[in-house]
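Some notes on the structure that comes next.
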Amino acid sequence: MSSISKRDLDQVDEMIARGFYTPSGDVRRALDALRENQGQIDRIEQELARLRAELADGPSLAELIKQARARRIERVREERARRRALREAEQSERRAAFAARKRRAPLFLGEGVSAGLRFDGGDAARLAERGLPALTDAAALATAIGLPVKPARGMPTFTEGADQLAWLCYHRRVVDHDHYSRFRIPKRSGGYRQLASPKPLLRKAQQWVLDHLTSRLEPHARIATAWRKGRSVVDNARPHVGKAVVIRVDIQDFFPSISWRRVRRVFMDLGYSEGVGTMLALLTTDTDRVAVRLDGELRFVARGKRGLPQGACTSPSLANFVALRLDKRVDGLCRSLGFDYTRYADDLTFSHAQPRANVAVLLQQVYAILRDEGFEPNERKTAVMRAGGRQMVTGLMVQDAIRVSRRDVRRFRAIAHQCKLHGFETISQRLEKDARSYLDGFLAWVRMANEEQAQKLEMWLESLGLPRRDM
């Protein structure tokens, strides 16, 4: 009965209805199941008919497939654009985070100076004990200095202080902008001294370092007499007055020989991390540069290694502190040999009360200590001055008392006499400096060294009709 057709099922139903056939219970249930199946088939056929009608009136199957493919392509494109936008947003966030991280802890500041850019570590307790500012990274240092500031015309503009700080610190062999103005001045002994004056932005940074860090460095209290408040060349000369033998030793290229690595060690010993110490050392050191034209453009080419520049406000205090161990070692040697010792910048002065003092041993050992400490003695300038001869210590005579040399006094008198004869303006042109200021400055210098000598010169000026301006 399972294979009965719809027509047969209708005939069976008609026979039952006319009374020609009476099915049993099982047959009746089977017929009911067949009727239910037939109903479902009828509904399916109706739906098929409806769909055929819609298909006949609508697009073709190929068109439907084409539309489906277009919708799928559109969804893929939208998903791809969404993923691209998400990826770009993530990359932008990573770039911003990396840039912020670089500002706090730069990864590279030039060839040969970037190996120590690690900003972890440091000794906060040591800094607090010394009363020094806590500087954890480049951003903290830039904020403390007060960067960024508006640059001079033609200079790069920065919105982040750490970026401007990195620009000041960055080391290149060839640059298109020199952070220093370089010039030279004649030396008293002949030749010229190369000076490098920092330009305003770097000067601001160095002044902060001086005010808050290097001015608190303590050199040898008794021996180091240069660049210290209340100390002068007179204090440097005083221990050597009236001695049987006075010896002068000069350090060659004193400032430039103090490398940036030694300066970094100073800041690290204060308690700063290696990264902060590196940036502070780069701020306070430089290499000598020469201006050249390359392809029609002005460039500044480094010649030599980075060291303390003569002209930076931080160089004196750093040099004095770097030389602390030198002073202690030389002082220990001098005590053992009976010599007195002082140091004024790069001039080392020794004296002994006995004429037979062992000068050769002293010089041999002093030269060895200097070289061991990273300095080179200028042996051509070494002078051994005996009693009865001309004994000069940092420009002052020390035979029996501290006074200005007769040669300098004669020059002063000659210039004053020429001013009397020809007028200050004419002599100023010859000297290429203000003659009146020279006379007043020389008198102040003499007064600092020897009051009695200064009074005699002032009386002579009055007799000449050229009293001091402030008299």
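Just a few scattered comments:
- Test: S351 is assigned to a helix (DSSP H, G or I) and either at pLDDT below 95 or closer than 21 Å to V234 by Cβ (or both): no
- Region 39-89, residues that are more than 60 Å from the chain's Cα centre (by Cα) and either at pLDDT 90 or above or of a type in the set (D, E, K, R) (or both): D42, R43, E45, E47, R50, R52, E54, D57, E63, K66, R69
- Scope region 456-471; condition at pLDDT 90 or above and loosely packed, with under 11 Cβ neighbours inside 10 Å; matching residues: none
- Filter result for D178 (closer than 23 Å to Q207 by Cα and within 14 Å of the chain's Cα centre (by Cα)): no
- The residue that is farthest from the chain's Cα centre (by Cα), among those in region 302-321 that are among the hydrophobic types (A, V, I, L, M, F, W, C) and open to solvent by 20 Å² or more (accessible area, probe 1.4 Å), is F321.
- Residue check: A162 meets all listed conditions (1) at pLDDT below 95; (2) in a loop (DSSP other than H, G, I, E, B); (3) farther than 16 Å from G311 by Cα; (4) of a type outside the set (S, T, N, Q) but one, namely (2).
- Of the criteria (1) of a type outside the set (D, E, K, R); (2) at pLDDT 90 or above; (3) open to solvent by less than 90 Å² (accessible area, probe 1.4 Å), which one A97 fails: (2)
- A Cβ distance below 9 Å, combined with a sequence gap of six or more or placement on separate chains, defines the contacts here; from region 261-280, residues that are over 22 Å from R104 (Cβ atoms) and without any contact (Cβ under 8 Å) to a residue 12 or more places away in the chain reach residues that are of a type outside the set (D, E) and open to solvent by less than 10 Å² (accessible area, probe 1.4 Å) in the pairs D269/G277.
- Verdict on F183 being out of contact with any His (no Cβ under 8 Å at 6 or more places or on another chain), open to solvent by 30 Å² or more (accessible area, probe 1.4 Å), in a strand (DSSP E or B) and aromatic (F, W, Y): yes
- Residue satisfying condition, being touching a Lys or Arg at 6+ places or on another chain (Cβ under 8 Å), open to solvent by 50 Å² or more (accessible area, probe 1.4 Å), more than 30 Å from G338 (Cβ to Cβ) and not aliphatic (A, V, I, L, M), within set R262, R299, R248: R299
- Scanning region 408-455 for residues that are open to solvent by less than 30 Å² (accessible area, probe 1.4 Å), hydrophobic (A, V, I, L, M, F, W, C) and either free of Cβ contacts under 8 Å to residues at least 40 places away in the same chain or not in a helix (DSSP H, G or I) (or both) gives I415, I427, A435, L439, F442, L443, A454.
- Those residues of region 15-31 which are assigned to a loop (DSSP other than H, G, I, E, B), open to solvent by less than 80 Å² (accessible area, probe 1.4 Å) and more than 18 Å from S5 (Cα to Cα), in sequence order: G19, S24
- Residue check, G116 outside any helix (DSSP H, G or I) and more than 13 Å from the chain's Cα centre (by Cα): no
- Tally of residues being touching a residue at least 12 places away in the same chain (Cβ under 8 Å) and either open to solvent by 70 Å² or more (accessible area, probe 1.4 Å) or farther than 30 Å from C169 by Cα (or both) across region 195-211: 4
- Counted residues, region 391-407 - those being surrounded by 13 or more Cβ atoms within 10 Å (Cβ to Cβ), assigned to a loop (DSSP other than H, G, I, E, B) and of a type outside the set (S, T, N, Q): 5
- Scanning region 322-338 for residues that are open to solvent by 10 Å² or more (accessible area, probe 1.4 Å) and not hydroxyl-bearing (S, T, Y) yields V322, L324, R325, K328, R329, D331, G332, L333, R335, L337, G338.
- Among residues of region 184-228, those that are under 17 Å from the mean Cα position of the chain (by Cα), within 24 Å of A302 (Cα to Cα) and of a type in the set (D, E, K, R), counted: 3
The values are calculated or read from the model by the stated rules, or taken from the named source; none is laboratory data. Source: prediction; values computed, not measured. Here Cβ is always computed from backbone atoms with ideal geometry, including for glycine, and neighbour counts include all displayed protein chains. For the accessible areas, the whole protein counts, side chains as well, though only heavy atoms, and no ligand, DNA or RNA atoms are used. Shrake-Rupley method; radii C 1.70, N 1.55, O 1.52, S 1.80 Å.
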